[in-house]
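Asker: To start, I am sharing the structure in question, which I have written as structure tokens.
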Ligand SMILES: Nc1ncnc2c1ncn2[C@@H]1O[C@H](COP(=O)(O)OP(=O)(O)OP(=O)(O)O)[C@@H](O)[C@H]1O
């Protein structure tokens, strides 16, 4: 559904992405990992049409995307960042905001928002002000706000990294179930390879702005890889063997 071919990105003259070719198929959950500064967030922003590549071809459902991205396509994409960036209003209004902008009728908005608040276990917080939430609750609101839009593609950039271990664990459990029971196509960036093993079926490893390896995350972990990939995966191999 989303194809990126030979993407080059040099925002300040320095090449950040160097010839990345990435294909996202309908319904798959793809992990995007790699060392700090390898270009993961940059690639995510380009795939989500938040940045334009310096060179390369992007197509969405077969339609070539150049210049200004049509609103109808932008609206098929949702992005969740590490910081929830919630609006200064209630939880309900935060989750409803995107539907209001799209002109979804009130009764349908009510049903859809209630459904996603329930699925993320936060319906009891509906009337609470978003800025009074804990980090875990706020990230649940941020995810509900993305899912309520029923996007074709959901991008998640480090959604758990600001959460403590037990908060993260309960969110991972709920998100894992939601991803299994919806047909959403998603890309997840995480520094924690355990999240990637748990949530994704295919993983892309970026090193220095290039795809250094890709495949099933378990197979990547247990097979021989080029040195740059070994270096990134070794600590995970060791820590996962111990646990
Ligand atoms: N708009 C920009 N202009 C210039 N350089 C940028 C821009 N955005 C990112 N970079 C640079 O691109 C490189 C890759 O950044 P990016 O955030 O994509 O990496 P990352 O793999 O997501 O890193 P991390 O794991 O630390 O979040 C960094 O050196 C960063 O400073």
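Only the coordinates and a few stated rules stand behind these numbers; no lab work does. Quick caveat, the model's predicted, so the values are computed rather than measured. Backbone-built Cβ (ideal geometry, glycine too); neighbour counts: all protein chains shown.
Asker: Have a look at 224, 78, 146 and tell me which one the Gaussian network model of the chain (Cα, springs below 10 Å) gives the largest fluctuation.
Answerer: 224
Asker: For the chain, what is the calculated [θ] at 222 nm in deg cm²/dmol (nearest 500), taking -39500 (n - 2.57) for each run of four or more DSSP H residues and dividing by its residue count?
Answerer: Computed mean residue ellipticity for the chain: -12000 deg cm²/dmol.
Asker: Same structure, new question: Calculate the spin-label point distance for residue 181 paired with residue 208, positioning each point 7 Å from the Cα along the beta-carbon direction, and give it in nanometres.
Answerer: Simple spin-label model gives 4.6 nm for this pair.
Asker: Report the full-extension gain for the segment residue 170 to residue 132: residue separation times 0.36 nm, less the Cα-Cα distance, to one decimal in nm. Provide the component values of the computation, followed by the final result.
Answerer: Working: separation 38, 0.36 × 38 = 13.68 nm, distance 1.99 nm.
Additional length available on full extension: 11.7 nm.
Asker: For the residue pair residue 118 and residue 57, what label-to-label distance in nm results when each label sits 7 Å from Cα along the Cα-to-beta-carbon direction?
Answerer: Result: 4.6 nm between the two label points.
Asker: In a GNM of the chain with a 10 Å cut-off on Cα contacts, which of 101, 73, 29 has the highest mean-square fluctuation?
Answerer: In the Gaussian network model the winner is 101.
Asker: Quick one: angle between helix 227-242 and the longest Cα principal axis of the chain, in degrees between 0 and 90, rounded to 10, please.
Answerer: 60
Asker: Another question, if that's okay. For region 1-43, rounded, prolate or oblate, judged on the Cα gyration tensor with a ≥ b ≥ c (square roots of eigenvalues), a/c < 1.5 rounded, else prolate if a/b > b/c?
Answerer: Oblate, because a/c is 1.5 or more while a/b does not exceed b/c.
Asker: Right, another one. Based on the alpha-carbon gyration tensor of the chain and its eigenvalue square roots a ≥ b ≥ c, which shape applies: rounded if a/c is under 1.5, prolate if not and a/b is larger than b/c, or oblate?
Answerer: Judged from the Cα gyration tensor, the chain comes out oblate (a/c at least 1.5, b/c at or above a/b).
Asker: For helix 165-181, report the angle its Cα long axis makes with the longest principal axis of the Cα atoms of the chain; keep it between 0 and 90° and round to the nearest 10°.
Answerer: It is inclined by approximately 90 degrees.
Asker: Calculate the FRET efficiency for residue 14 and residue 222 from the Cβ-Cβ distance with a Förster distance of 35 Å, rounded to the nearest 0.05.
Answerer: 0.50
Asker: If you line up the long axis of helix 135-147 against the longest principal axis of the chain, both from Cα atoms, how many degrees apart are they, to the nearest 10?
Answerer: Once rounded, the angle reads 90 degrees.
Asker: So how far, in whole Å, is the C-alpha centre of region 130-167 from the one of region 14-67?
Answerer: Region 130-167 and region 14-67 have Cα centres separated by 22 Å.
Asker: Can you work out the FRET efficiency for the pair residue 36 and residue 110, with r the C-beta to C-beta distance and R0 = 51 Å, to the nearest 0.05?
Answerer: For residue 36 and residue 110, the calculated efficiency is 0.75.
Asker: So, one more: Could you check the simple spin-label distance between residue 194 and residue 83, using points 7 Å along Cα→Cβ, in nm with one decimal?
Answerer: Taking the simple label geometry, residue 194 and residue 83 are separated by 2.7 nm.
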